[in-house]
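**Q** Quick one: this structure, given as structure tokens, is what I'll be asking you about.
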Amino acid sequence: MIGQGTWYIDRGDRKRAVAALARGLDLGMTHIDTAEMYGDAELVIADAIAGRRDEVFLVSKVLPSNASRRGTITACERSLKRMKTDRLDCYLLHWRGSVPLQETVAAFDELIAAGKIRCWGVSNFDTDDLNEMLAVAGKGRIACNQVLYHLQERAIEHAVIPWCEKHGVAVVAYSPFGHNEFPSPRSKGGEALQDIADAHKATARQVALSFLARGPNVFAIPKASSAEHAAENAAAGNLTLSDSEIAALDKAFPRGPKPRGLPML
């Protein structure tokens with residue numbers, strides 16, 4: 001239910017970043033997500049998974065500018081080399097670009113045939129894009145859609161989550177604490193979070209993760225900057241909110257009207 005994100009993980013102390021990922025693996029957060037766009041994050045991951053690759057569900061992403069048939073294959077091979085592994089468990093198109101989806105899917109198929117990826121998915125796809133990808137690839141091919149989702153940005157609940165549930169596509173929530181905008185404990189929403197956290201002897205961030213992953217096909221991939229933060233995130237996987245607590249958070253953080261476009265970072 002809870003995995004590990006790595007956006008900006010290369011910006012701080014390298015040893016602390018490696019220790020955070022390793023601690024997350026120790027605690028069962030075996031889904032590690034990265035992307036070629038994330039600077040040296042893939043190099044940090046290489047250190048964290050050394051000697052324990054088989055424990056990990058490893059995901060990376062190809063940039064839209066590299067998503068031609070040949071470009072996708074080259075980008076994947078570059079990511080594999082940087083992470084010192086022979087395969088990815090899932091490979092995503094990072095967001096919709098100008099390259100025809102047919103080309104990217106053809107590359108994904110070639111990579112699967114070569115054993116370099118096990119499955120593939122998309123990221124930042126709204127329902128129109130998902131429908132087009134479904135038409136190109138066929139049923140049962142899109143493993144997941146990774147999208148922005150946190151308490152103060154619930155736009156995907158209007159159409160994206162229902163679409164993915166209907167078509168058997170996992171939803172992976174990135175930036176589940178927001179991007180430097182987690183609710184202040186002095187705000188009304190922050191107070192609601194803390195009240196529920198206190199009832200469970202948990203933290204506000206654990207409650208937030210549990211709320212986001214309350215649906216059967218939603219996963220969250222928070223980034224941790226330390227082993228302690230990784231342990232806090234992992235414990236959210238054992239937290240179950242009651243219907244009344246979910247209703248209280250729904251009221252405290254209303255999803256708002258359906259936006260014209262899909263929010264993304």
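The values are calculated or read from the model by the stated rules, or taken from the named source; none is laboratory data. The model shown is predicted, which means the values in this text are computed figures rather than measured ones. Methodologically, a virtual Cβ is constructed for each residue, glycine included, from the backbone with ideal geometry; neighbour enumeration extends over all protein chains shown. With ligands, DNA and RNA removed, areas are computed over all heavy atoms of the protein, side chains included. Shrake-Rupley method; radii C 1.70, N 1.55, O 1.52, S 1.80 Å.
**Q** Out of all the residues in the range 249-262, which are assigned to a helix (DSSP H, G or I) and open to solvent by less than 80 Å² (accessible area, probe 1.4 Å)?
**A** Those that are assigned to a helix (DSSP H, G or I) and open to solvent by less than 80 Å² (accessible area, probe 1.4 Å): L249, D250, A252.
**Q** Can you tell me which residues in the range 55-72 are open to solvent by less than 10 Å² (accessible area, probe 1.4 Å) and more than 28 Å from A235 (Cα to Cα)?
**A** V62, A67, T72
**Q** Something else: G97 - would you say it is of a type in the set (G, A, S), without any contact (Cβ under 8 Å) to a residue 40 or more places away in the chain and touching a helix residue (DSSP H, G or I) at 6+ places or on another chain (Cβ under 8 Å)?
**A** Yes, satisfied.
**Q** Continuing with this model, one more query. With the condition kept exactly as written, say whether any residue in the range 236-248 is over 16 Å from I196 (Cα atoms) and either charged (D, E, K, R) or surrounded by fewer than 16 Cβ atoms within 10 Å (Cβ to Cβ) (or both).
**A** No: zero hits.
**Q** What number of residues within the range 213-229 are in a loop (DSSP other than H, G, I, E, B) and either more than 20 Å from D10 (Cα to Cα) or in contact with a Cys (Cβ under 6 Å, 6 or more places away or on another chain) (or both)?
**A** Total satisfying the criteria: 5.
**Q** Just checking, how many residues over the range 234-250 are among the charged types (D, E, K, R) and in contact (Cβ under 8 Å) with a residue 12 or more places away in the chain?
**A** Total meeting the criteria: 1.
**Q** Turning to a different aspect of this structure: Mind checking whether some residue in the range 20-28 is more than 27 Å from N217 (Cβ to Cβ), without any contact (Cβ under 8 Å) to a residue 24 or more places away in the chain and open to solvent by 50 Å² or more (accessible area, probe 1.4 Å)?
**A** Checking the range 20-28: not a single residue is more than 27 Å from N217 (Cβ to Cβ), without any contact (Cβ under 8 Å) to a residue 24 or more places away in the chain and open to solvent by 50 Å² or more (accessible area, probe 1.4 Å).
**Q** Let me ask something additional. Would you check if there is a residue in the range 143-160 being out of contact with any Gly (no Cβ under 6 Å at 6 or more places or on another chain) and farther than 23 Å from K258 by Cα?
**A** The answer is no; no qualifying residue exists.
**Q** In addition: Could you check how many residues of the range 35-54 are outside any helix (DSSP H, G or I), buried (at least 17 other Cβ atoms within 10 Å of the Cβ) and either of a type outside the set (S, T, Y) or in contact (Cβ under 8 Å) with a residue 40 or more places away in the chain (or both)?
**A** 2
**Q** Tell me, yes or no, whether the range 100-116 has at least one residue that is of a type in the set (A, V, I, L, M, F, W, C) and either within 18 Å of the chain's Cα centre (by Cα) or farther than 30 Å from G138 by Cβ (or both).
**A** No, every residue in the range 100-116 fails to be of a type in the set (A, V, I, L, M, F, W, C) and either within 18 Å of the chain's Cα centre (by Cα) or farther than 30 Å from G138 by Cβ (or both).
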